[in-house]
Amino acid sequence: MNMYFLAVVLPPLLNEKVLQLKRMMNEQYGCKVALKSPAHITLIPPFWLHPSHEQDLLKDVDIVAQTVTPFIISTNHFSAFKPRTIFIAVQPKSYLNDLKKRTDDFFAAKENYKIKLDRRPFHPHITIATRDLSKKAFYDAWPLFENKQFAEEWIADNICVLKHNTKNWDILHTAPFNNISSKAK
């Protein structure tokens with residue numbers, strides 16, 4: 001069995017900015033978990049899947065992605081799930097919520113994956129530090145972020161399938177959105 005998750009991964013330049021923050025949290029507070037994946041917004045949290053279903057998963061992610069047109073994602077500040085997670089807050093947008101709903105609905109109907117969907121309200125975010133951030137370290141680190149800005153904007157144009165390699169998460173597959181304007185040319 002392999003572990004996978006689905007996400008919108010940030011473009012390389014923004015990933016590098018987020019990586020600098022993750023490295024700082026590692027150096028100052030020993031947080032390593034967030035360093036194990038590229039900067040992303042989770043759509044379907046980690047799940048186990050038999051390798052024989054991997055190609056079906058990739059094809060199905062392509063199907064979902066083709067129902068979506070590219071859209072803008074914006075951030076402007078940091079936030080937290082106190083006292084264990086510090087993240088970059090993603091501004092709520094109906095397009096991102098729609099993508100989450102489409103993805104959830106599609107995979108909920110696919111019993112062969114046995115994906116357990118997260119029933120909590122969708123709270124899109126980009127993690128800086130998480131599970132290995134102690135409560136004490138959280139309260140030491142939070143003042144560095146609580147009034148800081150991270151104002152960025154980019155075009156989301158794909159869904160990524162990430163696969164765990166026993167140490168880190170690798171991007172296994174990128175499923176492009178339906179780019180209507182390029183088809184009109």
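The values are calculated or read from the model by the stated rules, or taken from the named source; none is laboratory data. Computed from a prediction, not measured in an experiment: that's the story for all the values here. Neighbour counts run over all protein chains shown; Cβ positions are idealised from the backbone, glycine included.
For segment 133-151, check the following and say yes or no: at least one residue is touching a strand residue (DSSP E or B) at 6+ places or on another chain (Cβ under 7 Å), under 20 Å from residue 45 (Cβ atoms) and among the aromatic types (Phe, Trp, Tyr). Scanning segment 133-151 turns up no residue that is touching a strand residue (DSSP E or B) at 6+ places or on another chain (Cβ under 7 Å), under 20 Å from residue 45 (Cβ atoms) and among the aromatic types (Phe, Trp, Tyr). Each residue in segment 74-94 was checked for being in contact with a Phe, Trp or Tyr (Cβ under 8 Å, 6 or more places away or on another chain), within 18 Å of residue 157 (Cβ to Cβ) and loosely packed, with under 14 Cβ neighbours inside 10 Å, and 0 pass.
Checked against (1) of a type in the set (Phe, Trp, Tyr); (2) assigned to a loop (DSSP other than H, G, I, E, B); (3) more than 30 Å from residue 24 (Cβ to Cβ), residue 95 passes all but a single condition, namely (2). Reported count of residues in segment 108-122, each being surrounded by 13 or more Cβ atoms within 10 Å (Cβ to Cβ) and under 30 Å from residue 151 (Cβ atoms), is 2. Among the residues of segment 134-176 satisfying the criterion of being in a loop (DSSP other than H, G, I, E, B) and among the basic types (Lys, Arg), which is farthest from residue 3 (Cα to Cα)? Out of the qualifying residues, it is 148.
Given the criterion in contact (Cβ under 8 Å) with a residue 12 or more places away in the chain, of a type in the set (S, T, N, Q) and not in a strand (DSSP E or B), identify the matching residue among 67, 127. That would be 67, the only listed residue that is in contact (Cβ under 8 Å) with a residue 12 or more places away in the chain, of a type in the set (S, T, N, Q) and not in a strand (DSSP E or B). Candidates 78, 106, 71: the one that is of a type in the set (A, V, I, L, M, F, W, C) and over 23 Å from residue 172 (Cα atoms) is 78.
For segment 34-90, give me each residue that is of a type in the set (Lys, Arg) and either over 14 Å from the mean Cα position of the chain (by Cα) or at positive phi (or both). Answer for segment 34-90, where residues must be of a type in the set (Lys, Arg) and either over 14 Å from the mean Cα position of the chain (by Cα) or at positive phi (or both): 59, 82, 84.
In summary, residue 132 fulfils each of the numbered conditions (1) at pLDDT below 90; (2) charged (D, E, K, R); (3) more than 28 Å from residue 51 (Cα to Cα) with the single exception of condition (1).
One residue is enough: does segment 90-103 have a residue meeting the conditions β-branched (Val, Ile, Thr) and touching a His at 6+ places or on another chain (Cβ under 8 Å)? Checked segment 90-103: at least one residue is β-branched (Val, Ile, Thr) and touching a His at 6+ places or on another chain (Cβ under 8 Å).
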